[in-house]
Structures are given as C-alpha cells and as structure tokens.
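K.L.:
Structure below; questions to follow.
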Number of protein chains: 2
Amino acid sequence: MTRKFIGRLSAVDTDFDGQLKQLLAWEAVANKQVEEIVAEILQQVRNRGDAAVIEYTNRFDRRNLTGAEDFCLTPQALTEALARIGVEEREALEVSARRVREYHEHQKQGSWRYTEADGTVLGQQITPMERVGIYVPGGKASYPSSVLMNAIPAKVAGVDSVAMVVPAPEGEISDLVLAAAAIAEVDQMFTIGGAQAVAALAYGTETIASVDKIVGPGNIFVASAKRAVFGHVAIDMIAGPSEILVICDGATDPDWIAMDLLSQAEHDEQAQAILLCPDAEFLDAVESSLERQLAELPRATIAAKSLMDRGALILVDSLEQAIKISNRIAPEHLEVSVADPESLLPQIRHAGAIFLGRYTAEALGDYCAGPNHVLPTSGTARFSSPLGVYDFQKRSSIIYCSPQGADQLGRVAATLACGEGLEAHARSATFRIKK
Amino acid sequence: MTRKFIGRLSAVDTDFDGQLKQLLAWEAVANKQVEEIVAEILQQVRNRGDAAVIEYTNRFDRRNLTGAEDFCLTPQALTEALARIGVEEREALEVSARRVREYHEHQKQGSWRYTEADGTVLGQQITPMERVGIYVPGGKASYPSSVLMNAIPAKVAGVDSVAMVVPAPEGEISDLVLAAAAIAEVDQMFTIGGAQAVAALAYGTETIASVDKIVGPGNIFVASAKRAVFGHVAIDMIAGPSEILVICDGATDPDWIAMDLLSQAEHDEQAQAILLCPDAEFLDAVESSLERQLAELPRATIAAKSLMDRGALILVDSLEQAIKISNRIAPEHLEVSVADPESLLPQIRHAGAIFLGRYTAEALGDYCAGPNHVLPTSGTARFSSPLGVYDFQKRSSIIYCSPQGADQLGRVAATLACGEGLEAHARSATFRIKK
C-alpha cells in the first residue's frame, strides 16, 4: 500500500487480504479504569438518586446546580428555542422531521394471528415500550439531526414517554438541539450527561423516571455505562467510528466523490472513507480532488488525519469484485455511484444504508432523506440494523388452544416433557387431554 | 405475607407494593472472579484457537480430545441418533418442529420500498445473517426442545449456516438432543461448551468459523462470555430464572392451575410461580392441591424450594387489578385462565407469551404449540421479545435520489449541515443541487 495523504491499494495484489484486514482493524478499547469509575457513578446514582446526579454534573460539566429543578427543562424552554432559531433552519428541521416520520411509518409492525382447523389461535401481539431515554451528546458534537433521528422512531412506535438527556457544559446548550427536541415532541428534557445520566435513566431518581431502553451515542464513559446497564434496560448498539464505502464505476464527477469521502473524514480522526473503483485514472482524479478540496475545509486537520490514518483508494478488477469486498467490510454507509445501481443491489448482503446512484450523496441521508442516520458501524451491519420503529416495539406470543387443540398438543407435549424428565410439565399437559 | 410452603398475599393490603417488590427481587449477580476467568478463556481461544478449546474442554468436561476432529460431530452421527430414539419421541419432535416452523414462517419480514412524486426511491432491504451459533446446555439441563426453538427461527430466516455447540461431559451426550439437531437441520455440531465454546463461535478457530450471532442459554460462565463478546457479535438477551404468572377467575379446575404452577417450579429452585385470583376459596383449593400434587413429583425437592422461596398466591379485588399487577411484573409466561380471556387481552401490555383460556397450559407452548419458548425473563418483557425470525434478519436502508429529489434534499441538508458546522457535508449535498 502506498500512502501519500490517503492509502492506495489494489485488490489484485497478492497480499490484498492482509492489507484490507489491517485497514479495517479497529476495536473498542475496553478501559478498565473507565469501567471502575463508571461502576462507582452507577452505584452512587442508584443509591442516592438526584443528589448524586447533581454532584457529578457540577463536577464534570462545571455547573452550579443546587436542586433537581435546575437540570429540568420545561416544554416552554424548548418552544422558545424553536422561536429563536433562524427561519431557514427551522424549516429545514421541519422538512427533515416530516420526511423521517413518513419513512419510519413504513416500519410499524402490526399484531397478527391465525386460526387452525381445530380452533386453536396463534399469533403475536405488538406493543410499544412505555418509556425510553435518548442520550444526546453536548458541546461540539451536539447534533440536532441526531435528536430527530433518535426521538422520531420512538414516537412513531407509540412510546408513551420519551425522555432526553443532553449535557450542558458550563450551562451552554445549543438552541438547534432544543428546537429539534421541540419538533420531535420529546416529552421530558434533562440537561445532564455522562455515566450519571445513563444511570439516572436506567435506575430512575426522585425526579427522573426509569426507562425501558436507552439509545444514542456518547463518549467512552457513556458507552461503558450503557454496556454496564445492558440487561437491566435495553440499549442500542455501542457505536464505533463512522465510515463510508463508495463503489464508483469511474463516471461520476470526481469532485463529487472526493467531497463524499471528505464528508465522512471530517467527522473525526478515526472516521474511515474508502473508495473502490475499477478505473485507475479515476482514482488519480479523486486523489487530486481530495488534496485540492481538503485545503478549503474548516475541519481540514481532522479530515486529513482521518484520510491519512484510515482512508483508502482501492483499485478493483470489476464492480462485482467491489461488491464482494463491500460484503466483507459490511460498511455503515455504502454509496453505489454507478450507471445501473439497481442491478448490483441484490448482491449487496451487508450494509447499514445503501445510497444508490450518482445523485444520492450520503449527506442527504444523514439529514433529511427519511431513513435513519443511526447505523451499524465497524462491520456490525453483518448482524445489526439501522435504528428504527422496531427498536421501540416488542412482541408477545399469543396462544389460545381449543379443547380439541389442547388434546392433540397435550399428547405431543407430554411425550417430550417425559423425555426431558419434567414430570409436572407432562402432567399439566395431560390434564388437558380428553379422557 | 404468610408463607407455609408458598407465600400468600393480598393485593388490597396497604404494604402490598413493597411485598410485591420483595417477591420479584432478582438480579443477575455479576461475579468478578467468573469475569476474570472468562476473560482469560476468551483471550486464550482468540490467540491459540483449537488448541485452547481442546485444553479447556478436556479440563472442564473431563474428556480426552487429542485433535479438533474429536469435537466435531458428522451429519451422519446426528441421523444415527435420530434412528436410535423411540418412534413416539421421534414423531413428537417432528410434530413440534413442523408447528414451530409453521408459526415462525409468519414472522418473516419482507423488503419494502416506495417511490416519491419526484422519482426518489426509499425503502429497506431485509437479508438473513450469514452464520449463527446456538449454545445448547449439556448434562442434566440438556433439552431437545431448546434445540428446535433456537435453530428453527434461524433456518426460517434463511441463515446460510447454523452451528451448534453442546458440551458432552465425560463424552456423554443425549440422543434426543442430537436427534433434534438432525430434525432442525443444524449445519455443524461441536461437542464443546462453556466460555471456550462462546469464544470459538465469536472469534473463530482453525476448525470453527466465526458467527455473527450467538443465541441460547447457559450457566454463569456462558452468560459472562456472551456479555463479554457482545458488540463483536450479536447475542440474545441474558436469561434469568424462568417464571409464570397465572391469572385465574377461580373457575378452572384447581388441580390444573396447581400443576401449571408446579411445572414452572420444577425447573429450578430460583424459578418463580405466581397466581393472581379474586377468589380466596379458590386460592385455598390451589394451595391444598399444590401440597398434594407436589408430593408425587420426582423433582419435588426443587419445586418445593422454588414455591417456598419465590412462589405466591395473591388475592386480588378484580381481574382488572390482576392485569395491572401483571403489567407491573411483565412476566415471561402469562396464563389467562378465565371465561373470556380475549376481553382482557387489549389491556395486557408486557408479557413474553400469553396463554389464553383454561385449556392453554404453558407446557403446550414450551414444547409444540408453535411460538418460541425462548422468552424474556425477569421483567425484560418490558423491552424484549420472544426469540424469532427477526433475530436472524437485519435491515439495510435504501435511498435512491432522482436528480430532482437530490436538488430538493440537497438544499435542506446543506442548511442543516452548516448549522452543525460540517462544511464537507454541506458541499457534498450542494454539488447535487441544480445550478
């Protein structure tokens, strides 16, 4: 692999597999020290509730809270923020919210049942969770779009109450974030963050009712806290750095493709942007464009380090080979910037979101196309899905046996229960067999 | 609460809430020592593959494996076991498998898409996972029904390859378990267990290909190992002790209800069986029946301890109050043994599986009704679902913007990206706006 300011690889090299493995290598560092600090915070909040939340918030966020009311924001505060922001931004948030809502309505699952010949009814009842908590990062990484993407699916699912936590370091909080919460109809808002906020949501305090599920990204303390409360409440996946894989046939404007890669690279230094293309000259053009456009970006330093450490332009022998490599990577975002993307779609096995065609920039999906921007990272698209309405619904099996059905099933169940040495199971089934 | 051999409570007592809380109290004990042992096992298997799996298996399961081939079972070994078991048991397993398959076919989710007025296409593509691992406990708790319940949903989902691990202490393994694996069409079978089996499935070895998801119950070492590999692969929920909540109007045969409670209690000493009924005399009748029928059970000692420590007969003032209490408990199994169970169903908010009517014993659902018997325990039905086909499928968002759609969405995305300070995102979107 050559590497000037971004790696260059060829998929036909004999050692490509090893190079790719090295390129993708990333693992959440389990930090023992962080885990111990988090365990202590969880225990303190569990034992002492609001008092502990206030202490930690004052210490970590440099605030002067004197009571729980100081970390509660009223619905009025949210609508006031909505009134303060610019008209263009408000309209953009509203368009985005409407489109996200519309898309997620398609994900709603309905209860179902069927009746067998003997009258036995089987089915599944779908119900929303009662209460969920959304973690929104504060400070520099405070994104109003994430508020919409996390809250709206819960609302569409029919969750009774959506509580949001967002840290306000030194009391500062973004009007855009509050406005997005107003638009998404978040029910309660608490200006707290870190492991103490996760603990408050998981265990409840005098002021904050405990939730059934906690979603949303956060720093290593938040991620460790979520892992620790997993099982007591549900959590979403623990996210790694964001990544994009672009497959291009070489006929899209190289400036467009370069900027798509840069839009990923500007997120953070660990973000990963990879391009697969069968046209070596196109790769050269993208490389030049990257160098030129990078220089104009306010976040050039971050993007440059991301490209240098984790980016790659990879020459492939065909689009089919590109798809095979993509399935191996299981990317969070996959752009298929080719003439006939639909023909490749059936071969795509693992990806968080698939952006088809030359016009579908990832950024459109990040903000307002409709699908969720909370997506499985670091290859977890092999077994995980975008955040969705299904994350806030759960299912109960329904079984209603007719006397005839119970007679038939009772005989089978009794045989199997005896085979497992569970006599009470067998007798309970046998009671329902006709004498 | 009075307690002779099972607790008696009344929901109208002033301190009922506290008593109920105490009755339900159960928490997975996080055991530091176990976690450290498990971390070492995971590391060893990750570094040394088969060699480490063989060493741990020889040590913990008292076996004499000399090579990886010694822990691999051929498809032929499974079909031979199927031929060895009794005809009645084989038929019962086959009826069960057929019904489980039929029910789970209803859970299959299909891809969907819709086209907007400007030609933009949005949707979701559903694909099966490639490879999953099923953990089946060995020895005394080795249940063929669990093989069917774990493997069949994966097969219905279209998973390419289902690998099963089951420990064989001293080389012993149940023919019924092997036969069930043959019927469920398990693709590979390894006679290993414990944290070393979880590690082999999660990280892969020379012989065992790594999987995308690990499901199935196990002891504290297995549960700790699953929690540790969570994120690297997907896992199902970590199960607590099994429980049943029976709501009865007092008109079902008290012997039936007593045996239903005993069928839960015989599982293990931590299992929980609770009855809610508005008729005090019926509770007396069930108590007498429990005492009488308990004495006849082979697993009487286990069931007696379960009833004594964790069981309860609770007097309620109405069926409506019973449902409210049930929603608070969010039981794994809920029997609604009343005249008109359908009228209560809409009020049931949280339960793993709901058994309606006097004829629907939980045991029928455990073995052969069709719905899965892997269900959320310890109140996690508030946010979890029965194991299902959806556990082995995942989703990819589809976005295909028309030039017109990209123009409209590009403007919105650019506004929002600027608001978040992400200039490359804004430029990437702006490239797609018509000039």
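No value in this document is a laboratory result; all are computed from the given coordinates. Not measured: the values here are computed from a predicted model. Quick reminder, even Gly has a Cβ in these numbers, built from the backbone with ideal geometry, and neighbours come from all protein chains shown.
K.L.:
Give me B:Arg328, A:Arg99 ranked fewest to most by other Cβ atoms within 10 Å of their Cβ, as a rough exposure proxy.
P.N.:
Fewest-to-most ranking of B:Arg328, A:Arg99: B:Arg328, A:Arg99.
K.L.:
From the C-alpha coordinates alone, can you work out the Kirkwood hydrodynamic radius of region A:243-345, in Å?
P.N.:
Over region A:243-345, the inverse of the mean reciprocal pair distance is 13.4 Å.
K.L.:
To make sure I understand, if each residue's beta carbon is the centre and we count other beta carbons within 10 Å, what order do B:Asp366, B:Asp407 fall in, fewest to most?
P.N.:
Ranking B:Asp366, B:Asp407 by Cβ neighbours within 10 Å, fewest first, gives B:Asp407, B:Asp366.
K.L.:
How much length is gained if the chain between B:Asp17 and B:Asp284 is pulled fully straight, taking 0.36 nm per residue apart and subtracting their Cα-Cα distance, in nm to one decimal?
P.N.:
93.9 nm
K.L.:
If you build the convex hull over the alpha carbons only and average its shadow over all orientations, what do you get for region A:341-429? Give it in nm² to one decimal.
P.N.:
Averaging across all directions leaves 11.1 nm² for the Cα convex hull.
K.L.:
Quote the charge dipole size of region A:149-215 about the Cα centre in Debye, to the nearest 20; the model charges only the Cβ of Lys and Arg (+1) and of Asp and Glu (-1).
P.N.:
Using only the charged Cβ atoms, the result is roughly 220 debye.
K.L.:
Considering every pair of different Cα atoms, what Kirkwood radius, in Å, is found for chain A?
P.N.:
24.3
K.L.:
Moving on to the next point. Using the Cα atoms as the points, what is the convex hull volume per residue of region B:278-407 in Å³?
P.N.:
182
K.L.:
Mind computing the radius of gyration and Dmax over the alpha-carbon atoms of region B:89-154? Å is fine for both.
P.N.:
Over region B:89-154's Cα set, Rg and Dmax evaluate to 18.5, 63 Å.
K.L.:
Mind listing the Cα extents of region A:287-353 along all three principal axes, in Å, largest one first?
P.N.:
Here the Cα extents, ordered largest to smallest, are 38, 21, 19 Å.
K.L.:
May I pose another question? Of A:Thr377, B:Thr115, B:Ser145, which is farthest towards the positive pole of the protein assembly as shown's charge dipole, taken about the Cα centre with +1 and -1 on the beta-carbons of Lys, Arg and Asp, Glu respectively?
P.N.:
A:Thr377
K.L.:
Oh, and also: Using helices alone, what [θ] at 222 nm do you get for the protein assembly as shown, with -39,500 (n - 2.57) per DSSP H run of 4 or more residues, divided over all residues and rounded to the nearest 500?
P.N.:
Calculated mean residue ellipticity at 222 nm is -13500 deg cm²/dmol.
K.L.:
Could you give the length gained on full extension between B:Ser318 and B:Ser10, defined as 0.36 nm per residue of separation minus the Cα-Cα distance, in nm?
P.N.:
109.7 nm
K.L.:
Two decimals is fine: what's Rg over Rh for region A:7-110, C-alpha atoms, Kirkwood radius as Rh?
P.N.:
1.19
K.L.:
Viscosity 1.002 mPa s, temperature 20 °C: Stokes-Einstein D of the protein assembly as shown from its Kirkwood Cα radius, in µm² per second?
P.N.:
Approximately 75 µm²/s, per Stokes-Einstein.
K.L.:
Here's another thing I want to ask about it. Mind listing the Cα extents of region A:130-207 along all three principal axes, in Å, largest one first?
P.N.:
Cα extents, longest axis first: 34, 27, 16 Å.
K.L.:
For region B:32-235, state the semi-axes of the equivalent ellipsoid (square roots of 5 times the eigenvalues of the alpha-carbon gyration tensor), sorted largest first and rounded to whole angstrom.
P.N.:
31, 24, 14
K.L.:
Right, next: Here is the link list: A:Lys21/B:Lys226; A:Lys324/B:Lys394; A:Lys32/A:Lys213; A:Lys155/B:Lys21; A:Lys213/B:Lys108; A:Lys213/B:Lys155. Which ones come out longer than 20 Å on Cα distance?
P.N.:
Going by Cα-Cα distance, A:Lys21/B:Lys226; A:Lys32/A:Lys213; A:Lys155/B:Lys21; A:Lys213/B:Lys108; A:Lys213/B:Lys155 fall outside the 20 Å limit.
K.L.:
Could you point to the residue in B:Ala81, B:Tyr103, B:Leu93 farthest towards the positive end of region B:70-114's charge dipole, with +1 and -1 charges on the Cβ of Lys/Arg and Asp/Glu respectively?
P.N.:
Result: B:Tyr103.
K.L.:
Can I ask one more? Run the dipole for region A:294-361 about the Cα centre, Lys and Arg Cβ at +1, Asp and Glu Cβ at -1, nothing else charged, and hand back the magnitude in debye, nearest 20.
P.N.:
260
K.L.:
Need one number: nm distance between label points at A:Thr301 and B:Ala83, each 7 Å from Cα along Cα→Cβ, rounded to one decimal.
P.N.:
That separation, rounded to one decimal, is 7.4 nm.
K.L.:
Taking the Cα centre of region B:32-235 as origin, sum charge times position over the Cβ atoms of Lys and Arg (+1) and Asp and Glu (-1), and report the length of that vector in debye to the nearest 20.
P.N.:
440
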